[in-house]
Amino acid sequence: MSRDGAQQMTGRQTWRHLFTLLKLAEMGAHRRTAKISTEFLAKKLDMSQQTASRHLIELESKGWIKRTITPEGCLIKITDTGVKELKRLYSNLKFLMETAYPPSVTLEGVVFTGLGEGAYYVTRDQYRKQFIEKLGFDPYPGTLNLKLTTEYDVKTRSELEAYPAAWKFKASKTKIEHTGR
């Protein structure tokens, strides 16, 4: 298996483990020891009982849960390490949902020549001073004209208008990557 394949497998496996851990937390296992049968957990996870059981074994081997098997079901408690993983997930989701600008956006298109009017305005002192004052840099005398070629890029560009931020661009021959500042 290639390195990328192994990373993808690990990534998918980690998401499955986090999802299982989340369902266990919903059943209270992050605050107390909860009695949970693998059949019940399997229904909550929409998977077979055997797969749910395997997930518990994997979570236990990672140190994310502590479990004791009884005839009535498993006694499960999410460990401090497991709670830390849930908090990390929460923190990442909170950042993504509450950040005032997108962490990174890539738009692709074709660069084309414009009318040359951008250079006129950018070189005027009153405009140039405002660019420097408000954006923190002295702009290049001109604009970059990019014709977005896919529906995805057009839609993504229109969504950027919701973010009041100064933009920085990294340009290459075919890609411009926007990073909010």
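The values are calculated or read from the model by the stated rules, or taken from the named source; none is laboratory data. Every value quoted in this text rests on a predicted model; they were computed, and no experiment measured them. Cβ atoms come from the backbone with ideal geometry, glycine included; neighbour counts cover every protein chain shown.
Data overview
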item: Residue that is modelled with the lowest pLDDT, among those in segment 34-43 that are outside any strand (DSSP E or B) and buried (at least 17 other Cβ atoms within 10 Å of the Cβ); result: T38
item: All positions within segment 73-101 that are assigned to a helix (DSSP H, G or I) and touching a residue at least 12 places away in the same chain (Cβ under 8 Å); result: T81, G82, V83, E85, L86, L89
item: Within segment 11-33, considering residues that are of a type in the set (A, V, I, L, M), out of contact with any Phe, Trp or Tyr (no Cβ under 8 Å at 6 or more places or on another chain) and closer than 15 Å to T81 by Cα, the one surrounded by the most Cβ atoms within 10 Å (Cβ to Cβ); result: L24
item: Test: residue in segment 76-95 that is touching a His at 6+ places or on another chain (Cβ under 7 Å), within 30 Å of E161 (Cβ to Cβ) and among the hydrophobic types (A, V, I, L, M, F, W, C); result: no
item: Subset of segment 115-148 [in contact with a strand residue (DSSP E or B) (Cβ under 9 Å, 6 or more places away or on another chain) and small (G, A, S)]; result: G118
item: Residues (modelled with pLDDT of 80 or more, assigned to a helix (DSSP H, G or I) and surrounded by 11 or more Cβ atoms within 10 Å (Cβ to Cβ)) located in segment 132-141; result: I132
item: So I57, is it without any contact (Cβ under 8 Å) to a residue 12 or more places away in the chain and either outside any helix (DSSP H, G or I) or among the aliphatic types (A, V, I, L, M) (or both); result: yes
item: Every residue from segment 86-112 that is touching a strand residue (DSSP E or B) at 6+ places or on another chain (Cβ under 9 Å) and over 30 Å from L144 (Cα atoms); result: L86
item: Number of positions in segment 116-144 that are without any contact (Cβ under 8 Å) to a residue 12 or more places away in the chain and touching a helix residue (DSSP H, G or I) at 6+ places or on another chain (Cβ under 9 Å); result: 6
item: Failed item in (1) modelled with pLDDT of 80 or more; (2) more than 30 Å from F19 (Cβ to Cβ), with K155 passing the rest; result: (2)
item: Residues of segment 71-118 that turn out to be basic (K, R), at pLDDT 90 or above and within 24 Å of the chain's Cα centre (by Cα), as a count; result: 3
item: Yes/no for Y121 being modelled with pLDDT of 80 or more, surrounded by 11 or more Cβ atoms within 10 Å (Cβ to Cβ) and either β-branched (V, I, T) or part of a helix (DSSP H, G or I) (or both); result: no
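The rows are residues; the columns are (1) surrounded by fewer than 16 Cβ atoms within 10 Å (Cβ to Cβ); (2) under 17 Å from F19 (Cα atoms).
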{"position": "G63", "(1), (2)": "yes, yes"}
{"position": "I69", "(1), (2)": "yes, no"}
{"position": "E72", "(1), (2)": "yes, no"}
{"position": "I78", "(1), (2)": "no, yes"}
{"position": "G82", "(1), (2)": "no, yes"}
{"position": "E85", "(1), (2)": "no, yes"}
{"position": "R88", "(1), (2)": "yes, yes"}
{"position": "L93", "(1), (2)": "yes, yes"}
{"position": "M97", "(1), (2)": "yes, no"}
